[in-house]
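All remarks here apply to the structure that follows.
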Amino acid sequence: HDDLDIAEAICRANNEPPAVSVRVNTTMTSRDQLLNEMIAKGVDAVPSAVSPYGIVVRSGGNMALTSWYTDGLLSVQDESSMLVAEAVAPEPDMLVLDCCAAPGGKTAHMAELMKDQGRIIANDLHAHKHRLIQEQADRLGLDAVETVTGDALELKSRYAPASFDRVLLDAPCSGFGVIRRKPDLRWSKTLQDVRDITQLQHELLNSVAGLLKPGGIMVYSTCTIEPDENEGQITRFLSDHPEYELAEGHFLSDVTDGMDHAQRGSIQLLPQHFHSDGFYIARLRRVK
C-alpha cells in the first residue's frame, strides 16, 4: 500500500508547475547578498532548502531577463540539479571530466566550486551544444571550462587512464524525474526506451571508470526515478568494479535527514520531497 501512496504522491507532484530556482555564482557574490538585493527589488525569494547555492523565486518575473543574469551573478537551475556538483565536490586546481556536459549548468557550477582554478573538460556528443556550454562559462566569467565534442564512449581513448581527479557522468536517461517540465514524456516513453537507455548507461559507466585516479570521486547522476537506471545501475557497477566503493558526502546527509536511504553515498530525490525535480545521484570513490 505504501508504494501506491508514493506513486500517487509522485503523480500529484508531476502535475504541479515547477518552481523557479536560481544558483548563485559564488565567485562573484554570496547567497545572502544576492537574496537581499532581490528582496530589495521586490522579488519574492527565499533560500533553497535543498542547496546552499540556491534561491527559490516565488514571484518576480523571468530571472533570465535580469541584470543579475546578464552580469553572471546567477544561473537558472533546478534545486535537485545543484546537488550534483556538490556531490562531485571539486577543489581548486583539480582536473575534472564532465562526460555529458550540455547545456553546461553542472559544468559551470563545478567551475564555481573550484573558484575557477583548475580545468574542467566539458564533453558533449553534439557540436552545436558546445556553444551553450561556452556561453554559460563566458557569461559567468569562468575560464576553467574547456569544451570538447565527441562520444563519451570514446573518452577512454582520448585521455590517459587514471588522469582525472573527478569524473561526472550525468547520464542520458528516461527523464521521468522532470515530467513537470516535459509533460509529453508520459506518452512518448516506452519500456523499450528505458531498456535501451539502461544499457547505454551501463556501457558509459564502464567506459569512463578507468579515467579516474585512485582516490578520486566519480559521480553518476540522472533526472529519472526509474530504479533500473539508478540503484540497479550502481549495484551492477560496484559488483563489476571491486576498485570502486560508494562514498558518503556530507551534502547527502544535510538534505536527507529523515529520508530513507537505500545506500549511503547515493540519493533518490522524488519530485514531492522538495517540489524539485526527481533526481538520482551516486558518489563513487576509486579505492585502487
- request: Provide a single number: the residues in the range 202-228 that are free of Cβ contacts under 8 Å to residues at least 60 places away in the same chain, farther than 21 Å from ALA160 by Cα and surrounded by 23 or more Cβ atoms within 10 Å (Cβ to Cβ).
  value: 2
message: Restricting to the range 52-63, give me the number of residues that are free of Cβ contacts under 8 Å to residues at least 40 places away in the same chain and either among the polar types (S, T, N, Q) or open to solvent by less than 40 Å² (accessible area, probe 1.4 Å) (or both).
response: 6
- prompt: Does the range 235-245 include one or more residues that are open to solvent by less than 10 Å² (accessible area, probe 1.4 Å) and either in contact with a Gly (Cβ under 7 Å, 6 or more places away or on another chain) or under 10 Å from ALA171 (Cβ atoms) (or both)?
  reply: no
- request: Could you identify the single residue in LEU95, LEU35 that is assigned by the TED database to the domain that holds LEU142, surrounded by fewer than 20 Cβ atoms within 10 Å (Cβ to Cβ) and not in a loop (DSSP other than H, G, I, E, B)?
  value: LEU95
task: Say whether the condition of being at pLDDT 90 or above and more than 15 Å from the chain's Cα centre (by Cα) is met by at least one residue in the range 279-286.
output: yes
message: Could you go through the range 171-186 and let me know if any residue there is surrounded by fewer than 17 Cβ atoms within 10 Å (Cβ to Cβ), touching a residue at least 40 places away in the same chain (Cβ under 8 Å), assigned by the TED database to the domain that holds MET94 and among the acidic types (Asp, Glu).
response: no
field: The lone exception for TRP68 - which of (1) part of a helix (DSSP H, G or I); (2) modelled with pLDDT under 95 it fails
entry: (2)
query: If a residue has to be surrounded by fewer than 16 Cβ atoms within 10 Å (Cβ to Cβ) and either part of a helix (DSSP H, G or I) or in contact (Cβ under 8 Å) with a residue 60 or more places away in the chain (or both) to count, how many in the range 108-133 make the cut?
result: 4
- prompt: Are there any helices (runs of 4 or more DSSP H) wholly within the range 173-266 with 1 or more residues that are farther than 20 Å from LEU125 by Cβ, out of contact with any helix residue (DSSP H, G or I) (no Cβ under 9 Å at 6 or more places or on another chain) and at pLDDT 80 or above, and if so which?
  reply: 191-208, 231-240
- request: Could you identify the single residue in VAL50, VAL46 that is under 26 Å from VAL84 (Cβ atoms) and either part of a strand (DSSP E or B) or touching a strand residue (DSSP E or B) at 6+ places or on another chain (Cβ under 7 Å) (or both)?
  value: VAL46
statement: Residue count, the range 139-170, condition acidic (Asp, Glu) and either assigned to a helix (DSSP H, G or I) or open to solvent by less than 20 Å² (accessible area, probe 1.4 Å) (or both), comes to 1
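The values are calculated or read from the model by the stated rules, or taken from the named source; none is laboratory data. Just so you know, these numbers come straight off a predicted model, no measurement behind them. Ideal geometry is used to build each Cβ from the backbone, glycine not excepted, and the neighbour counts take in all protein chains shown. Side chains are part of the model used for accessible areas, which takes the heavy atoms of the whole protein and leaves out ligands, DNA and RNA. Shrake-Rupley method; radii C 1.70, N 1.55, O 1.52, S 1.80 Å.
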